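Take a look at the structure set out below.
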């Protein structure tokens, strides 16, 4: 990216609403934001408003102003009032109990209405920022929040009898759809979620990753499986729920068949998950790793035992981009366009252990998947190719006066 500082005065101001430190790319939601920001920086004078921003983090490589913003919550409602809100309030639980006045004050001070265009990441941050009424609003939905949370809820044994939660998910769906409809344009990361929402202003913009041009795979001496992802959430989060299932139902069968197999977890991990894995044989947590290339290059395979969720799994895209074979569930590779047994091994829960064991015992198959998966990524999920497309889209919107926005 080549931006001359003098060129910024010719660019339209754009207010970006997001979260974290996107240019560090340490989680899936940061990877996607950075993809958009790099494109926006080539055609807009950026002012970033970032929730949960670390003021000590390194600054981005593109020019911008940054306003950190905090999330403030009110005291929990009494049980009677909470029950009343569950029954009669149009606002779902996930969007309640915030001190919106304190949250939105920094954005009000910026005079957000003076910006010709606002780009906002996800519907929840759009709501918290209070910018949904802007006439030229672009929302990156990424993946629908209500679908992801509903998936977690439906894993519970008592979900059918919990009418309050079922009603709340319906309210959440209606609320999110109403927010998206207000935007002039909205992006989403995969086809299945777009079909579910079925809104005319949605455009599919897939997640992409940086793909190494050359691959040098040197598998470890002992069979090694890896899991890459954020494990800092609760036990019901998509990553941890799938990981716990894998360790309880799949890992014992692998250990019995291949006793010298090792399982490595890479990513930020909670104390609850550390305690869970400590007694397990040949399982270790490496924590957060800056450079994943050696990890992927030496692993025999990567697993993505996802049981619910929406969007696309960055962990799968990253593994394939590093030519690391992947075993996942149908939900894990949903919406990516991979062909089972050609680019990836897709397995249901009953056959997951067998699929991992077969691949660990078949070096030729691992080699075939490695080559095909890497080529698939080059053809379909190249960050470089996507960047050019996004720049063209945003230039059309910001510089050429695209009538759609």
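The values are calculated or read from the model by the stated rules, or taken from the named source; none is laboratory data. Here the structure is a predicted model, which is why all the values come from computation and not from measurement. In this analysis, Cβ positions are derived from the backbone assuming ideal geometry, glycine residues included, and neighbour counts consider all displayed protein chains.
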Expected single match for in contact with a helix residue (DSSP H, G or I) (Cβ under 9 Å, 6 or more places away or on another chain), within 18 Å of residue 190 (Cα to Cα), touching a residue at least 12 places away in the same chain (Cβ under 8 Å) and in a helix (DSSP H, G or I) among 359, 320, 338, 369 is 320
Filtering the stretch 291-316 down to residues that are in a loop (DSSP other than H, G, I, E, B), on the phi < 0 side of the Ramachandran plot and either buried (at least 19 other Cβ atoms within 10 Å of the Cβ) or within 18 Å of the chain's Cα centre (by Cα) (or both) yields 292, 299, 300, 305, 306, 307, 308, 310, 312, 313
Condition set out of contact with any strand residue (DSSP E or B) (no Cβ under 7 Å at 6 or more places or on another chain) and part of a loop (DSSP other than H, G, I, E, B), scope the stretch 86-120, selection farthest from residue 149 (Cα to Cα): answer is 111
Residues of the stretch 23-36 being under 16 Å from residue 122 (Cα atoms) and either free of Cβ contacts under 8 Å to residues at least 24 places away in the same chain or outside any helix (DSSP H, G or I) (or both), in sequence order, are 27, 30, 34
In the stretch 37-66, anything assigned to a strand (DSSP E or B) and under 14 Å from residue 21 (Cβ atoms) is listed as 48, 49, 50, 51, 66
Of the residues in the stretch 263-276 that are surrounded by 18 or more Cβ atoms within 10 Å (Cβ to Cβ) and in a helix (DSSP H, G or I), the one that is farthest from the chain's Cα centre (by Cα) is 276
Exercise for the section: Confirm whether residue 314 is touching a strand residue (DSSP E or B) at 6+ places or on another chain (Cβ under 8 Å), modelled with pLDDT under 90 and not assigned by TED's automatic domain parsing to the domain that holds residue 148. Expected result: yes
All conditions in (1) touching a residue at least 60 places away in the same chain (Cβ under 8 Å); (2) touching a helix residue (DSSP H, G or I) at 6+ places or on another chain (Cβ under 9 Å) are true of residue 110 except (2)
Of the residues in the stretch 102-152 that are surrounded by fewer than 20 Cβ atoms within 10 Å (Cβ to Cβ) and within 17 Å of residue 196 (Cβ to Cβ), the one that is modelled with the highest pLDDT is 148
The residue that is surrounded by the most Cβ atoms within 10 Å (Cβ to Cβ), considering only those in the stretch 159-185 that are in contact with a strand residue (DSSP E or B) (Cβ under 9 Å, 6 or more places away or on another chain) and assigned to a helix (DSSP H, G or I), is 176
Practice item. Determine whether residue 260 is surrounded by fewer than 16 Cβ atoms within 10 Å (Cβ to Cβ), over 29 Å from residue 389 (Cα atoms) and in the same structural domain as residue 284 (by TED's automatic domain parsing). Key: yes
When (1) modelled with pLDDT of 90 or more; (2) surrounded by fewer than 20 Cβ atoms within 10 Å (Cβ to Cβ); (3) in a loop (DSSP other than H, G, I, E, B); (4) in contact with a helix residue (DSSP H, G or I) (Cβ under 8 Å, 6 or more places away or on another chain) are applied to residue 155, the one that fails is (1)
Next on the checklist: Given the condition in a helix (DSSP H, G or I), more than 22 Å from residue 304 (Cβ to Cβ) and either in the same structural domain as residue 39 (by TED's automatic domain parsing) or out of contact with any helix residue (DSSP H, G or I) (no Cβ under 9 Å at 6 or more places or on another chain) (or both), answer yes or no: does some residue in the stretch 196-212 qualify?
Outcome noted: yes
Counting only residues in the stretch 218-228 that are within 26 Å of residue 247 (Cβ to Cβ) and either over 27 Å from the mean Cα position of the chain (by Cα) or at pLDDT below 90 (or both), the one surrounded by the most Cβ atoms within 10 Å (Cβ to Cβ) is identified as 223
